[in-house]
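The values are calculated or read from the model by the stated rules, or taken from the named source; none is laboratory data. For clarity, every value in this text was computed on a predicted model and none was experimentally measured. We place every Cβ from the backbone using ideal geometry, glycine too, and count neighbours over all the protein chains shown. With ligands, DNA and RNA removed, areas are computed over all heavy atoms of the protein, side chains included. Shrake-Rupley method; radii C 1.70, N 1.55, O 1.52, S 1.80 Å.
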Amino acid sequence: MTPAHPIFEEFIRYKGPAKDGSIVLDFLGTTARREFLQSAIGSGPSYLETNYPPVNEDLFAWIDLLTAVLGAGQSFTMMELGAGYGPWSIRAAKAVQQRRGIPFKIVAVEAEPDHFLWLKANFADNGLSVTDHCVIEAAVSDIAGTALFYVASPDAESSQPREWYGQCLVKDYEAVAEVVESSHGGRAVAVLKSGWRGVEVSRITLNELLREHQLVDLIHMDVQGQELPAIRASIDLLDSRAKYLHIGTHSREIETELREIFGRHGWTCRADWPGNREQHTPFGTIVLEDGIQSWANPKLCSA
């Protein structure tokens with residue numbers, strides 16, 4: 001299989017056994033338990049040879065990740081914000097281990113209680129100790145503190161953890177009808193008047209995360225609408241500490257304002273594809289749900 005981008009040829013495709021109860025997600029040999037994935041039904045082969053990533057909405061995230069790994073100095077640091085079960089964290093670790101062999105630090109932040117448990121399990125399943133890295137149960141936002149976070153829609157069936165990875169902070173217009181006891185992460189659940197449900201979670205800012213690291217090679221951000229306030233509040237520290245950002249965007253207004261912020265601060269745009277449409281990219285046609293913006297900081301790296 002010919003890769004969509006030449007950077008993939010810098011890495012070796014995984015060939016080997018599959019693990020019982022898990023699937024191999026990608027050409028680096030990253031695994032995930034079947035219970036994490038809506039599409040992982042039935043059993044797969046016991047031995048497989050992987051292919052390079054197809055042309056789909058993940059392609060630009062792959063290019064950003066591998067570019068950051070190859071361009072790292074004597075160590076590598078990545079943040080996955082809105083991590084879910086941490087697929088990009090594990091991919092970063094696998095890429096560094098295979099191609100660079102340098103010390104690395106992964107910071108993975110996830111607010112949804114079930115997904116956070118899966119995140120820790122996925123680190124262990126892929127040979128990473130959470131004590132060697134930084135796994136944080138919180139929602140990324142522009143202010144610290146606590147807030148309600150959606151965990152279930154009025155349609156309970158579609159709200160199962162493996163069915164839904166798009167949770168976000170509860171909108172300002174929501175009102176709480178009642179609070180009930182629940183086993184959802186051992187927390188009380190707020191039943192909203194709209195029929196949606198939420199639990200209280202911690203909030204953490206980009207500034208808090210960045211202060212702990214002198215240099216971050218890549219930030220992979222999918223925080224369901226909080227990307228603009230989080231970046232707006234932290235752009236000065238991003239200027240001095242972050243090399244690459246890959247951002248999932250969630251509205252035209254967000255996309256427009258992010259362009260303005262990064263343009264004003266001199267960042268280089270590597271990719272910019274609005275969501276909810278079919279996009280004809282240099283690699284082929286991709287149907288995007290979320291938008292994609294990729295930015296490089298010329299103060300710290302080449303584009």
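Which value, in Å², gives the accessible area per residue of segment 1-150 when a 1.4 Å probe is used on the protein heavy atoms? List each step's numbers first, then the result.
Numbers: 6180 Å² over 150 residues.
With the other protein chains kept in place, segment 1-150 gives 41 Å² per residue.
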Could you check which residue among Asp155, Asp239, Asp172 shows the biggest mean-square fluctuation in a GNM of the chain with a 10 Å Cα cutoff? Asp172
Rounded, prolate or oblate (a/c below 1.5 giving rounded, otherwise prolate when a/b exceeds b/c) for segment 45-144 by Cα gyration tensor: rounded
Centre separation in Å (Cα based) which lies between segment 49-117 and segment 250-298: 19
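Classify segment 184-303 from the C-alpha gyration tensor, please: rounded if a/c falls under 1.5, else prolate or oblate depending on whether a/b exceeds b/c. Don't skip to the end; give the middle numbers.
Working: a/c = 2.32, a/b = 1.28, b/c = 1.81.
Taking the square roots of the gyration eigenvalues as a ≥ b ≥ c, segment 184-303 is oblate.
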Inter-label distance, nm, simple model (7 Å from Cα along the C-beta direction), Ile7/Glu278: 2.7
Packing-based order for 279-291, 220-232, using average beta carbon neighbours within 10 Å, highest first: 220-232, 279-291
Where nothing but the Cβ of Lys and Arg (+1) and of Asp and Glu (-1) is charged, how large is the charge dipole of the chain around its Cα centre, in debye to the nearest 20? 840
Report, in debye and to the nearest 20, how large the dipole of segment 85-225 comes out about its Cα centre when Lys and Arg carry +1 and Asp and Glu carry -1 on their Cβ. 560
Label-point separation, Ala303 to His265 (7 Å along Cα→Cβ), nm: 1.8
Taking a ≥ b ≥ c as the square roots of the eigenvalues of the Cα gyration tensor of segment 175-220, is the shape rounded (a/c under 1.5), prolate (a/b larger than b/c) or oblate? prolate
Suppose every K and R has +1 on its Cβ and every D and E has -1 on its Cβ; what is the size of the dipole of segment 1-136 about the Cα centre, in Debye to the nearest 20? 400
Compute the length gained on full extension between Val191 and Lys171: take 0.36 nm times their separation in residues and subtract their Cα-Cα distance, giving the result in nm to one decimal. 5.9 nm
Hey, what number do you get for the chain at 222 nm if only DSSP H runs of n ≥ 4 count, each worth -39500 (n - 2.57), divided across all residues, to the nearest 500? -7500 deg cm²/dmol
Using 0.36 nm per residue of separation minus the Cα-Cα distance, give me the extension gain between Ile102 and Glu212 in nm, one decimal. 37.7 nm
For segment 124-189, which GluC sites (Glu not before Pro) pass both filters: DSSP loop (anything but H, G, I, E, B) and at most 14 other C-beta atoms within 10 Å? Glu163, Glu181
Tell me the per residue accessible area of segment 235-294 using a 1.4 Å probe; a whole number in Å² is fine. 45
Mind checking the full-extension length gain between Glu200 and Val180? Use 0.36 nm per residue of separation minus the Cα-Cα distance, one decimal, nm. 5.9 nm
